[in-house]
Amino acid sequence: MPVNDAVEAAADRPADAEDALPVNELFYSLQGEGKLAGVPTVFVRTSGCNLRCWFCDSYHTSWEPTHARMGIDEIVAEVGEHEAADHVVVTGGEPMIHDEVVALLDRLDAAGYHTTVETNGTVYRDAPIDLASVSPKLASSTPTADRDPKGDGEWADRHEDRRVDVEALAALVDAYETQLKFVVTGREDVDEIESLVGSVREAATAPVADSDVLLMPEGQTRERLDETRAAVAELATEYGYRYTPRLHVDLWNDAPGT
């Protein structure tokens, strides 16, 4: 079932089927990742994803999707309840798989919000996005049988086939201010990151600076980040990329709505 009060309340009210989005969470917190880490932010977390990373930190938007359906008016009104925030993150799951996300971004833009979209970079849409936070999925994300949360490896082939779309990545880079944010599990990921960044640079017209490439340690808990952050910080220093923390995990561990 939905995991916070705002979405649970919406579950009891009918939403217009033509503009409703499946929403798993809607909450106010600090942006925890990327160039805007620390900024007070309203998060709209849609449910549903076209990939299945084994380490997904939003399990109930991908492996076992839960949500209420909220109309665009309802979402924008709920965002407006958090008067201290002028920044909205639309995340998931994968928000770009939903046609209705464009209408939501149009409304948020008209209301004067700065919008970030967190996406895996496999779907391009023409929408008013201030920052495309693109997290291409590496081979280390594939849910092979030994690390599939459900234990059967059923999604491994589909995930592997879909996880990278260079054409979509280039379109996002050309259309929006973009950060390429990679979840790093270890040094073995770096060759793939270097290759993929090179492919995007070749395909895109807009430049991709090293400062736009962010390395983020894998980990959903403080304990796990204690095991990964130092090595990832060292890699960022070595290769000249930017390190990004997972501030929300450092502050609140794996609590929902943070």
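The values are calculated or read from the model by the stated rules, or taken from the named source; none is laboratory data. Values in this document were obtained by computation on a predicted structure and should not be read as measured data. Here Cβ is always computed from backbone atoms with ideal geometry, including for glycine, and neighbour counts include all displayed protein chains.
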Practice task
Give 190, 164, 200 a once-over and let me know the one that is surrounded by 15 or more Cβ atoms within 10 Å (Cβ to Cβ), over 20 Å from the mean Cα position of the chain (by Cα) and over 16 Å from residue 33 (Cβ atoms).
Solution key: 190
Completion exercise
Of the residues in the range 128-181 that are among the hydrophobic types (A, V, I, L, M, F, W, C) and touching a Leu at 6+ places or on another chain (Cβ under 6 Å), the one that is nearest to residue 117 (Cα to Cα) is 132
Problem - Count of residues meeting criterion [surrounded by 13 or more Cβ atoms within 10 Å (Cβ to Cβ), without any contact (Cβ under 8 Å) to a residue 60 or more places away in the chain and not hydrophobic (A, V, I, L, M, F, W, C)] in the range 205-218 - result: 2
Handout entry: Total residues in the range 203-234, condition within 12 Å of residue 182 (Cα to Cα) and either part of a strand (DSSP E or B) or in contact with a helix residue (DSSP H, G or I) (Cβ under 7 Å, 6 or more places away or on another chain) (or both)
Key = 6
Exercise for the section: Only residues that are assigned to a helix (DSSP H, G or I) and in contact (Cβ under 8 Å) with a residue 60 or more places away in the chain: list them for the range 142-170, please. Expected result: 158, 159, 162
Problem - Flag for residue 136 being crowded, with 20+ Cβ neighbours inside 10 Å and more than 19 Å from residue 64 (Cα to Cα) - result: yes
Handout entry: Condition met for residue 33 (at pLDDT 95 or above and assigned to a helix (DSSP H, G or I))
Key = no
Practice task
Name the residue, out of 160, 223, 218, that is over 17 Å from residue 143 (Cα atoms) and either in contact with a Cys (Cβ under 8 Å, 6 or more places away or on another chain) or among the acidic types (Asp, Glu) (or both).
Solution key: 223
Problem - Criterion (under 12 Å from the mean Cα position of the chain (by Cα), closer than 21 Å to residue 136 by Cα and at pLDDT 95 or above) met by exactly one of 58, 47 - result: 47
Practice task
Please go through the range 82-122 and pick out each residue that is in a loop (DSSP other than H, G, I, E, B) and either in contact with a Gly (Cβ under 8 Å, 6 or more places away or on another chain) or without any contact (Cβ under 8 Å) to a residue 12 or more places away in the chain (or both).
Solution key: 83, 86, 92, 93, 94, 98, 99, 111
Problem - Filter result for residue 255 (modelled with pLDDT under 95 and surrounded by fewer than 13 Cβ atoms within 10 Å (Cβ to Cβ)) - result: yes
